[in-house]
Amino acid sequence: MKKFYQLTREERVRALVDSGMLTAGDAELLLADAPLPQATADHLTENQIGQFPLPMGLVRGLRVNGITHDVALVGEEPSVVAAANNGARMALAGGGVTVQVPPHRVAAEVVFADLPDTPNAVRLIRAQTADIKAAAAAAHPSIVRRGGGLQTVTVTTVDDFVKVTLVVDPQQAMGANIVNTIAERVGVLIGGWLHQQPLISILSNYSDDAVVARVDLPVEAVATRHADGATVAKLIARTSDFALLDIDRATTNNKGVMNGIAAATIALGNDYRAVEAGAHAYAARTGRYLPLTRWWVAESRLHGELAVPLKLGVVGGAVGALHRAGLAQRLAGIKTVADAQSILAALGLVQNLAAIRALVGPGIQAGHMHLQAGALAVAAGAVGAEVALLTQQLQDGDKTIARAQSLLHQMRQ
């Protein structure tokens, strides 16, 4: 009997229906036409049974370092796209966002445990840096030909562990596969010297090389219907002060920052899980979890700053396999890793601006639930033209699934 992973997609779905786990309707949905070609989907996951499409929205007019970009976001939350557009609009009052990008580097760690003579092992490894670089170059010669490869080797002790940190220039790739290949080759080499296999040889998703985005706008740009700009700007700054002191607020603040960054990372075919992990680890780099953004008022202007590591790639991995990722790159005018990092950092900063402004102004829920009405209409069972009609009716009153279903029933009567 074939194992589940050896079956075709149709056979897997049929097996789930036969076992009573899925209905015939479920099977029809899973086997329906999908955006990705079957062969592509088969090679991007394991045990593929279908595809899970998400809508792609667009942020218009995000100005970064003097250039205007349109940025695709993939996700199920309309308020994320709306807030990003609103933040981009407000940032224009200050000329847009300026961003500084560090060199694109990815680190790996080769770790040894329980060595009989740790000091001697450290001395031995440090004396063989040239051999380590030669092994790294042999492990991935193509990246060396493109001007990248292993840049530095650092040996440290962590308690009774010996850690060899390899910093690699992966050029325009995110670099995970490149760096892991180099780390494993170096691990074998050093292991031969020490007569012991490494405990682990793998990249690290942590980095303290942050992309820094800044915005400086007149306080009038953040005025609301109910409060002048100076008042709103002061409240934004005080909310930022509170996030420095309170982990509950800092966590929610950073989630809001990552709303746009993660959605854009998905659209670009990159590993949003690695980006999220790196961002939150950076937020805790001092031993306290802190906000990724800071806002303050000076001389009638609201200043904002975001610092976050962003390990991205514009070639390799799933980027080339996902045609919509290439489309998102072209929409945003992204040609290099630095382009992608600059745009996503700017996006995170303006997303945070819009979120805090809403929070200290009319509140988050009013706009959030207004936009959620469409999703609620679909969840209630509305189809076709019913969706727009039901969405409109839901705006006046409670936005609950029960009310949506009741209104839909009345509409169909």
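Using DSSP H assignments, which helices in the chain have an axial alpha-carbon span of 24 Å or above and a mean Kyte-Doolittle hydropathy of 1.0 or higher?
Numbers: long enough: 176-194 (26 Å, 1.03); 229-245 (25 Å, 0.92); 247-267 (29 Å, 0.16); 337-360 (35 Å, 1.40).
Sorted by number, the helices that extend far enough and score high enough are 176-194, 337-360.
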If each of Q197 and N47 carries a label point 7 Å out from its Cα toward its Cβ, how far apart are those two points in nm?
-> 2.6 nm
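What length, rounded to one decimal in nm, is gained on full extension from V17 through to K2, with 0.36 nm per residue of separation minus their alpha-carbon distance? Could you put the intermediate results ahead of the total?
Values: separation 15, 0.36 × 15 = 5.40 nm, distance 1.70 nm.
Gain on extension, V17 to K2, equals 3.7 nm.
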For K2, which aspartates and glutamates qualify as cross-link partners when the Cα separation must be under 19 Å and same-chain residues fewer than eight apart are set aside?
-> E10, E11, D18, D42, E46
Of (i) 73, 47, 37; (ii) 72, 52, 51; (iii) 79, 71, 37, the label for Cα extents along the principal axes in Å derived from the coordinates | (iii)
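Based on Cβ point charges of +1 for Lys and Arg and -1 for Asp and Glu, what charge dipole magnitude is obtained for segment 1-131 about its Cα centre, in debye rounded to the nearest 20?
Working: 11 positive and 15 negative charges, 113 e Å.
For this selection, approximately 540 debye.
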Can you give the longest stretch of the chain with no exposed loop site, where a site means trypsin sites (Lys or Arg not before Pro) in a DSSP loop (not H, G, I, E or B) with at most 15 other C-beta atoms within 10 Å?
-> 4-145
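Net charge within 15 Å of D339 by Cβ-Cβ distance, Lys/Arg positive one each and Asp/Glu negative one each, not counting D339 itself? Please report the intermediate quantities before stating the final value.
Numbers: positive: R63, K311, R330, K335; negative: D70.
In short, +3.
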Treat every Asp and Glu Cβ in the chain as -1 and every Lys and Arg Cβ as +1, leave all other atoms uncharged, and give the resulting dipole magnitude about the Cα centre to the nearest 20 debye.
-> 700 debye
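Say R0 is 41 Å: what FRET efficiency, to the nearest 0.05, do A388 and H323 get from their beta-carbon distance?
So the FRET efficiency works out to roughly 0.85.
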Note to self, the chain gives a 222 nm [θ] from helices alone (DSSP H runs n ≥ 4, -39500 (n - 2.57) apiece, / all residues, nearest 500) of -16000 deg cm²/dmol
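Where a number appears in this text, it was derived from the coordinates with a stated rule and is not lab data. All figures in this text were calculated on a predicted structure; none of them were measured in a lab. When we count neighbours, we look across all protein chains shown, and the Cβ atoms used for this are built from the backbone with ideal geometry, even at glycine.
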